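Novice: Structure incoming, see below.
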Amino acid sequence: MTDRRPLLVRSGEGPSVWSLGGRFTIKLEDALADGRFALVEALAFQSTEPPLHVHHREDEAWYILDGQMTFYVDDQALTAPSGSFVFAPMGLPHTFTVDVEPTRVLVFASPSGFEHFALELGIPASTDEPPADLAVPGQDVLGPIGERYGIEVVGPPRRISHPAGI
């Protein structure tokens, strides 16, 4: 168990990367929460839209701060405008579309670990201006790295004309 202490992470603070088609800023990672959960603030674009996938190690949830996304969890379509919360239990296939660009969203994972997946695939971010080639990596990259984190791609993205061409 790590040394338990309060934590304040201000706006704009936390390790930040351009990854998986968006900007991911780590607000709470596993080491500080004893692996219980992680919190990431994401700036999402249509380029962030992932293929249909399953998390085998964690539950995932989202709180929309600004914008709108539609989540497809198992057989449900859940349209989430600002102020909405969506939960995807571990083991259920899910994906999402970004309906308003950009959308600011908090991403929760419990237990933690997902944040390292985003960090591993990312490049350091110092501004909100996305790189010109921002996209979710193809299956050849996502597959092996996702496997290490218990994430399995099981289908294409919801928006077939996805910029990553997956």
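The values are calculated or read from the model by the stated rules, or taken from the named source; none is laboratory data. All figures in this text were calculated on a predicted structure; none of them were measured in a lab. For neighbour counting, all protein chains shown are included, and Cβ atoms are generated from backbone atoms with ideal geometry for every residue, glycine included. When the accessible area is computed, the model is the full protein with side chains, heavy atoms only, and any ligands, DNA or RNA have been set aside. Shrake-Rupley method; radii C 1.70, N 1.55, O 1.52, S 1.80 Å.
Novice: Tally Lys/Arg at +1 and Asp/Glu at -1 over every other residue whose Cβ is under 13 Å from the Cβ of LEU134; what's the total?
Specialist: Around LEU134, the surrounding residues sum to -4.
Novice: Would you rank MET69, MET90 by solvent-accessible area, highest first, keeping every protein chain in place and using a 1.4 Å probe?
Specialist: Greatest to least solvent exposure: MET90, MET69.
Novice: If I take every Cα pair under 8 Å that is 6 or more residues apart in the range 16-166, average their sequence separation and divide by the length, what percent do I get for the relative contact order?
Specialist: Once divided by the residue count of the range 16-166, the mean separation gives 34 percent.
Novice: Rolling a 1.4 angstrom probe over the protein heavy atoms, how many square angstrom per residue are accessible across the range 72-124?
Specialist: For the range 72-124, the solvent-accessible area averages 47 Å² per residue.
Novice: What whole-number distance in Å separates the alpha-carbon centres of the range 42-56 and the range 72-137?
Specialist: With the range 42-56 and the range 72-137 each reduced to a Cα centre, they are spaced 5 Å.
Novice: Now a separate question. Identify which of THR48, THR70, THR25 has the largest mean-square fluctuation in a Gaussian network model of the chain, with springs joining Cα atoms closer than 10 Å.
Specialist: THR70
Novice: If I compute solvent accessible area with a 1.4 Å probe over the protein chains, what percent of it on the range 79-136 is carbon and sulfur?
Specialist: Within the range 79-136, the accessible surface is 60 percent carbon and sulfur.
Novice: On to the next question. Could you order VAL100, VAL107 so the one with the most accessible surface comes first? Probe is 1.4 Å.
Specialist: VAL100, VAL107
Novice: I need to check one value: relative contact order of the range 1-93, counting alpha carbon pairs closer than 8 Å and at least 6 residues apart, in percent.
Specialist: Relative contact order here is 21 percent.
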